[in-house]
1. Among the residues of the stretch 136-160, write down those that are free of Cβ contacts under 8 Å to residues at least 60 places away in the same chain and more than 29 Å from E249 (Cβ to Cβ).
2. If you scan the stretch 238-254, which residues turn out to be within 19 Å of G86 (Cβ to Cβ), of a type in the set (A, V, I, L, M) and under 13 Å from the mean Cα position of the chain (by Cα)?
3. Among G252, G233, G285, which is of a type outside the set (A, V, I, L, M, F, W, C) and in contact with a Cys (Cβ under 6 Å, 6 or more places away or on another chain)?
4. Please verify whether E235 is without any contact (Cβ under 8 Å) to a residue 12 or more places away in the chain and either under 30 Å from G401 (Cα atoms) or surrounded by 19 or more Cβ atoms within 10 Å (Cβ to Cβ) (or both), treating the condition exactly as stated.
5. For the stretch 336-373: of the residues being of a type in the set (A, V, I, L, M) and touching a Leu at 6+ places or on another chain (Cβ under 8 Å), which is farthest from I434 (Cα to Cα)?
6. Just for the stretch 197-226: of the residues that are aromatic (F, W, Y) and outside any helix (DSSP H, G or I), which one is nearest to L131 (Cα to Cα)?
7. Among strands (runs of 3 or more DSSP E) lying entirely in the stretch 240-353, which contain 1 or more residues that are charged (D, E, K, R) and without any contact (Cβ under 8 Å) to a residue 40 or more places away in the chain?
Amino acid sequence: MAADENQTILEATTINSQEPSVASGVSSAPSSGKTDTATQTGVVSVTDADSSGSAKAAITGKPFVYPAYQPVVEGLDGLRLDFSHGARVAFPDSFPEGRRLVILDEDSGTCLCDAPIKPGSCLETTKKYYLRYRVMIGDAASSTIIWSHTLDLKDRDVLVQMPYEGAIGDSIAWFSVVERFQKQHSCRLHLLLPPKFRELFEPCYPDIHFVTYDEAKELRPYASYYLAVFFKGDEDWQPLDFRFCGLAETAGRILGLRDLSNIHPRVRIGPRTIHEPYVCIGTVGSANAKCWNNPHGWIGLVEYLKSCGYRVLCIDKERVNGCGDVWRTIPYGAEDFTGDRPLQERVDLIGHADFFVGLTSGLSWLAWCTGVPVVMIVGITSHIGDFGTPYLVQSRIACHGCWNDPRCDFDHHDFLWCPRHKGTPRAYECTRSISVRMVADVISRIPGARRPPEPPAKSEAPAGPKTGPDRQLT
C-alpha cells in the first residue's frame, strides 16, 4: 500500500456529478466539491459524509432509482459499504486515524484505490458496471490488512434497472441477460423496467421479482446495476462502447456475464383470432433514419404481399407519425391495426402471422420474441446493431451503419438525424436505395412463404393472318 499520497485521480466523478447521456435522458443535481484521493488507476472519488457515514451528495430524476445515501452493509468500526453505485464505502467521523483503504478488481488483480482514509468521508468507484470488487482496510504503519470484504451476490438482494420510460427494443434486448445474471450468481434479483413489460414477462420469469419505481425506491439492495444505452463513448457505466457490440451484448457486459449470446425473451402467445393468412408490418421508427425512406417502398411491398394472398396488417402505435416536414401514414392497401395497444395483444397478433416485416425498431424486437421470421429493413445499424436474423435487408453499397460508427454520436432529440449527409441529396440513402424487389427476394427465402401466382402462359402466336370466312375482326 505504498501509494504516493499526492497522486491525483485522472477522471473521478462524485455521486452528484453530471451523469452520462442515456437514451431516455437523465436529470442530475449540480456537481459539488470533492476531495482527490490517491489511486493507481484514476477510478475513485471522495465526498464528505455525515457522522452516520451517509453521503450528502445525491442524484435525482428518472430514468433510474438511485441508491440511498447510506450504504447498507456495516463493517469494521462503523464503516458502511455496498455496491449500488460502483463500490461505495462510507466512514463515520469516529473512524480511527492511520488506516488506508484498498480496493481491488478481484478477477484481474487491478488495484483501483490505495489511499489514506479520511474519517467522515464517503468513497465510491466511478465504474458502475459489474466488477468483483474486494474492499480492504489496512494499518498504515504496519502495512497489514486488518479487514476485507469481497463482493458476493449469492443470496443477496440485487437491483437491476432499465430506464423506467425506456424504449421497447432496448428493454427486450436486455431482458434475457438479466435472467442469466440471476442464475449465474444465485441472487435475489429485483428488476425495475418499464411497466408495460411487466404483464408480458412476469408470468414467464417466476425467479425475478418485478418492482415498480416506488417499490424500487424502498429497496436497500446490496448491489445495483444500470442497463441503458450510454452515449458519447462512455466507459464508466459500460465496459465497452455499445456501438462496438450491439444492444444485447452491451447489457451482458455491464452485468459481467460469461454467456453473451443473443437469446430472445420468453413470451406467451394467445389463441389465433384471424384465420386467413396474414403478415404484420411496422413502418415507423423513433428517428427518420430508422425508416424505409424509399417513397415507393411500403406501397409496393403491400401490393406484392397482397398478390401473394396475404392480408397485410399495419400494427404501428400511431396511424400518423413524423416531425417537422416529414410525416408518414399507414401504407395504402394495409389494414389499420394501429393504436396504443397492450404489448400482449401485439404479441398474440404477431405470433400467428406468417412473418413480420419491419425496421430497426421496437416492433421488430417484439416480433423476435415470438419466434416468427422477422424481415428487417435496416440502414443505420451494422450487422451487430440488432438481433441476428437471416432475413436482413440492407444496401451495403450505399452509406450505412452510422449508428455503430464511433465517430457519430446519435442525437435522439433530432428526428431528422443523418450524421454524414443531412441536408444533402445523399441524406437517408441507406434505406432509400433499398427497393421493393430486394425485400421481396428476401421474403421468398422464408420457408413456406407464399408467392404471387404465376402469370398465365402466353399462347403461341399464329404463323400469319387468317384469311377467308374464319377470320374475325377485333
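1. Result: M136, D139, A141, S142, T144, I145, S148.
2. Once the filter is applied, which keeps residues that are within 19 Å of G86 (Cβ to Cβ), of a type in the set (A, V, I, L, M) and under 13 Å from the mean Cα position of the chain (by Cα), the stretch 238-254 yields A251, I254.
3. On the way: G252 fails: in contact with a Cys (Cβ under 6 Å, 6 or more places away or on another chain); G233 fails: in contact with a Cys (Cβ under 6 Å, 6 or more places away or on another chain).
Result: G285 is the single residue among G252, G233, G285 that is of a type outside the set (A, V, I, L, M, F, W, C) and in contact with a Cys (Cβ under 6 Å, 6 or more places away or on another chain).
4. Values: without any contact (Cβ under 8 Å) to a residue 12 or more places away in the chain: yes; either under 30 Å from G401 (Cα atoms) or surrounded by 19 or more Cβ atoms within 10 Å (Cβ to Cβ) (or both): yes.
So E235 passes the test.
5. L343
6. The qualifying residue nearest to L131 (Cα to Cα) is Y225.
7. Counting at least 1 such residues, we get 311-314.
This table checks each residue for (1) buried (at least 20 other Cβ atoms within 10 Å of the Cβ); (2) assigned to a strand (DSSP E or B); (3) within 30 Å of the chain's Cα centre (by Cα).
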| residue | (1), (2), (3) |
| --- | --- |
| V65 | yes, no, yes |
| Y69 | no, no, yes |
| D82 | yes, yes, yes |
| S94 | no, no, no |
| L101 | yes, yes, no |
| S108 | no, no, yes |
| K118 | no, no, no |
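The values are calculated or read from the model by the stated rules, or taken from the named source; none is laboratory data. Predicted model only: the values in this text are computed from it and were never measured. Heads up, the Cβs are rebuilt from the backbone with ideal geometry, glycines too, and the neighbour counts pull from every protein chain shown.
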